[in-house]
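These notes concern the structure reproduced below.
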Amino acid sequence: MEDQKKMEEFQAKIDARIKIEPKDWMPEKYRQNLIRQISQHAHSEVIGMQPEGNWLTRAPSLRAKKILMAKIQDEGGHGLYLYCAAETLGVSRDQFIQWLHEGKAKYASVFNYPSLTWADMGAIGWLVDGAAIVNQVSLQRTSYGPYSRAMIRICKEESFHQRQGYEIMAHLANGTPEQRAMAQDALNRWWWSSLMMFGPHDSDSAHSKDSMKWGIKLETNDDLRQQFIDKTIPQAELIGLKVPDDNVELLPNGSYKTSDIDWEEFWNVIKGYGPCNTKRLKHHKKAHDEGAWVREAAAAYAEKKAVEAVG
Ligand code: 3HC
């Protein structure tokens, strides 16, 4: 009876759009769902730095290098906000990293594809960050307080990420025939994996029912994906590029009908069979090991300060 009453009070707060805070009572399934989603979101931000980091030393100008450097640094900070939000649910950062390294945690499958040309920096910013913005603007209203506040901070930076990517694509699309071809090739390679960022169809989503009931998600995977498609196809046409789908059709309501996603590819990449899955985790483990001295120094400094504070 006690838990039934607590559950009713919890759901009443969700329905009244009152934020759930770390010290509030929450159903264990709600906590576990958030631990899963927020930590995987954080992993995505950090692993997502790799395809872009690949082009830092090869940026075509100092201005381009400065912009890319700033964007990559932002993504590291986004990971930090999200790990901090996830830790409020009672799991340590070390545990999250261990689950990632053991293959027990996911990150956005889009980052398991290679960044082959400079145009990929444009496509990632325009499409991957563009998709992330659609998802994250919605997540600003998520029911869990720390996650919502992290999203509000992150969204302030994401529009710069998308804008600088679209600027790269517009510049190339209006350049030489070779540059235009490079931009179209990048669009061809990043379009479908960007659509996959919104997850499986609602009917195939394991978590959406609970996530919608508990206000973790405010809009469904398919609704957010459609918003992204409707926003992005006109942007491609504006710079003379074409999304790699011959079945695109503008409907009377202003929305676009498109082909379905290759769900076999979606699940294969998530299962670890993408072009870069092994490389991404190997690099993350190497960087984590090489950064151990920083964590140890920070912990030692914090302990020294704590001892001094006690006097
Ligand atoms: N890549 C990898 N795994 C995915 C996925 C994807 N694109 N889409 C879904 N999945 C996984 C889910 O994690 C879940 O697996 P799990 O139970 O092991 O966690 C399974 O597929 C079923 O999917 P569901 O729809 O049931 O799962 P969710 O309800 O969690 O919805 C989601 C999936 C929409 C991706 C949701 O988790 C979400 O909104 N996550 C936060 C958004 C996010 O991670 N964005 C990427 C940010 S990266 C970034 O911004 C960097 C910048 O550079 C772009």
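The values are calculated or read from the model by the stated rules, or taken from the named source; none is laboratory data. Computed from a predicted structure; not experimentally measured. Heads up, the Cβs are rebuilt from the backbone with ideal geometry, glycines too, and the neighbour counts pull from every protein chain shown.
Values for this structure:
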{"read-out": "Residue within region 83-91 that is under 30 Å from Gly215 (Cβ atoms) and among the hydroxyl-bearing types (Ser, Thr, Tyr) present", "value": "yes"}
{"read-out": "Near pairs, Cβ below 8 angstrom, 6+ apart or cross-chain, from region 129-143 (farther than 19 Å from Tyr107 by Cα and modelled with pLDDT of 95 or more) to any residue that is more than 11 Å from the ligand (Cβ to nearest atom) and among the small types (Gly, Ala, Ser)", "value": "Gln140/Ser148; Arg141/Ser148; Arg141/Gly215; Thr142/Ser148; Thr142/Gly215; Ser143/Gly215"}
{"read-out": "In region 90-116, residue farthest from the ligand (Cβ to nearest atom) [restricted to those that are more than 18 Å from Glu265 (Cβ to Cβ) and β-branched (Val, Ile, Thr)]", "value": "Ile97"}
{"read-out": "Region 157-177 - residue that is within 18 Å of the chain's Cα centre (by Cα) and small (Gly, Ala, Ser) and, of those, modelled with the lowest pLDDT", "value": "Ser159"}
{"read-out": "Hey, Ile47 of a type in the set (A, V, I, L, M), surrounded by 12 or more Cβ atoms within 10 Å (Cβ to Cβ) and in contact with a strand residue (DSSP E or B) (Cβ under 8 Å, 6 or more places away or on another chain) or not", "value": "no"}
{"read-out": "Those residues of region 99-156 which are hydroxyl-bearing (Ser, Thr, Tyr), buried (at least 19 other Cβ atoms within 10 Å of the Cβ) and within 18 Å of Thr88 (Cα to Cα), in sequence order", "value": "Thr142, Ser143, Tyr144, Tyr147"}
{"read-out": "Residue in region 117-127 that is without any contact (Cβ under 8 Å) to a residue 60 or more places away in the chain, of a type in the set (A, V, I, L, M) and within 13 Å of the ligand (Cβ to nearest atom) present", "value": "no"}
{"read-out": "Unique match (being small (Gly, Ala, Ser), in a helix (DSSP H, G or I) and more than 24 Å from Tyr273 (Cβ to Cβ)) among Gly90, Gly79", "value": "Gly79"}
{"read-out": "Residue list for region 260-311, restricted to those being outside any helix (DSSP H, G or I) and either within 23 Å of Met196 (Cα to Cα) or touching a residue at least 60 places away in the same chain (Cβ under 8 Å) (or both)", "value": "Asp260, Ile261, Asp262, Gly274, Pro275, Cys276"}
{"read-out": "Matching entry among Ala85, Ala42, Ala70, Ala16 (being over 24 Å from Val269 (Cα atoms) and buried (at least 17 other Cβ atoms within 10 Å of the Cβ))", "value": "Ala85"}
{"read-out": "Among the candidates Thr176, Thr220, residue that is closer than 25 Å to Leu68 by Cα, assigned by TED's automatic domain parsing to the domain that holds Leu250, surrounded by fewer than 21 Cβ atoms within 10 Å (Cβ to Cβ) and among the polar types (S, T, N, Q)", "value": "Thr176"}
{"read-out": "Residue among Ile97, Ile72, Ile67, Ile124 that is more than 17 Å from the chain's Cα centre (by Cα) and assigned to a helix (DSSP H, G or I)", "value": "Ile67"}
{"read-out": "Subset tally (residues that are in a helix (DSSP H, G or I), more than 9 Å from the ligand (Cβ to nearest atom) and aliphatic (A, V, I, L, M)) for region 213-237", "value": "3"}
{"read-out": "Conditions (1) in contact with a Ser or Thr (Cβ under 9 Å, 6 or more places away or on another chain); (2) of a type in the set (A, V, I, L, M, F, W, C); (3) within 16 Å of the ligand (Cβ to nearest atom); (4) closer than 21 Å to Gly145 by Cβ: number failed by Ile35", "value": "(1)"}
{"read-out": "In region 19-32, residue farthest from Asp210 (Cα to Cα) [restricted to those that are surrounded by fewer than 19 Cβ atoms within 10 Å (Cβ to Cβ) and within 14 Å of the ligand (Cβ to nearest atom)]", "value": "Gln32"}
